[in-house]
Every structure is written in C-alpha cells, then in structure tokens.
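Asks: Sharing a structure with you now.
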Amino acid sequence: MTSRSNPNDAGQAFPIYITVVAGLLFLAFAYLAVGQAGMNRNGAQTAADAAALAAAQETRDQLAGEWADNVADPASWDNIFDGAVTGLDDSCWRADQLAAQNDAHVDDCTIDGPLRYSVEVTTDEPVGDSIVPGTEDDYARASAVAVIEPSCTFHLPEGNAENDGVPRLTCKDQQWDLNPDDLPDLPEPQDLFDVHLAD
C-alpha cells in the first residue's frame, strides 16, 4: 500500500521552519553584540594597563636618573628608592600617549603616593550598532593601577669603609661594587626598580 504525503503537512511545517530560522538569526546577532561589547571592554582594559605602566615607567626612569646623579651620596639612596624625591616631572603625559595608541583617552591619572599610578580611560569608539538598544553611544571604560617597587638592597657602612663609604648594591641576583672614583657600568632603570600592574 503506497503512502502519500499530505500537502497540508508541508504547509504547517513552513511557519515552524521560519520561526526556527528567525530564532537562530536572533541568537547569532545577540552573540555578535556580546562579542562586540567584550572586545570593546578588552580594548579599554588594554589601554588602561598600558597607560598606567607607561606613567610608572617614566617615573621609574626619572628616579633611576636621580640615583645615578647621587651615586656618590649613599645617604640619599633610601629617599630615592622610596620615591621621596622633589622636582620630578609629571609622568601622566606618557599615560596619554599610550592610551591614544590604543584608541582610548585618559579620563584620570593620579599619583597615589610616589610609587603608584592609577589611570582611568574611555575608548574613543563606541560599541557600535547592534540589536541591543543604546549600544551605538556606549563607550567602554576601564581602570588600572601600576606600582613601582625598588629591586635593590644595600647597607650603609658605619664611618669610613671600603669603596669610600659607598655600599655594595644588590639588585635581584646581581651585585655592583661602586667606587665613585671609578664607576663601572651602572644598573639600568629596570635593574633598580620593578614596574608592574597591581593585583
């Protein structure tokens, strides 16, 4: 006995097919919108991280320069490694530069103590048009904190000692015996200080 398909069955299935396809398209656009927002937030965080690190590294370089200028005066080293130095230039201009390179701008750059920078940024471009209302004018924001940590230890000698009173400087796993009358290659800024994002 031969079975015949009912034309009405095909007609009834067509609206279901259209509904399923429409639902899948909606989900695809929704995932796309979420992805757009996520990429925008990631871009903002990258810009904030880079800006905070750049500002901190600029201050680190200035502190390293102060140390090199005062290498013969070890009594001043503690203040330099603590960041307690007057006359340093504001380093937030470097935060502006790095934020701009990452398609964002700095809303706030704050020195939280001599060895800590807090930066807030906003992306230059909005999330863009999507099925989520309002995203065309939604800009991603992010913040980051970078800290400068001294990497060196030393012990001030009592009275006159070897090397004309200039102590041995130990930075991480390397040591420098410093004689002001015959200075070797001095440590680099990255030897003297570590710069990293705060946890």
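Asks: Neighbouring Cβ atoms within 10 Å as the yardstick, rank 166, 145 fewest first. Spell out each step's value before the answer.
Replies: Details: 166 23, 145 17.
Least crowded to most crowded, the residues run 145, 166.
Asks: Mind giving me the FRET efficiency for residue 69 and residue 101? R0 is 45 Å, r the Cβ-Cβ distance, nearest 0.05 is fine.
Replies: 0.90
No value in this document is a laboratory result; all are computed from the given coordinates. The shown structure was predicted, so the numbers you read here are calculated from the model rather than taken from an experiment. Ideal geometry is used to build each Cβ from the backbone, glycine not excepted, and the neighbour counts take in all protein chains shown.
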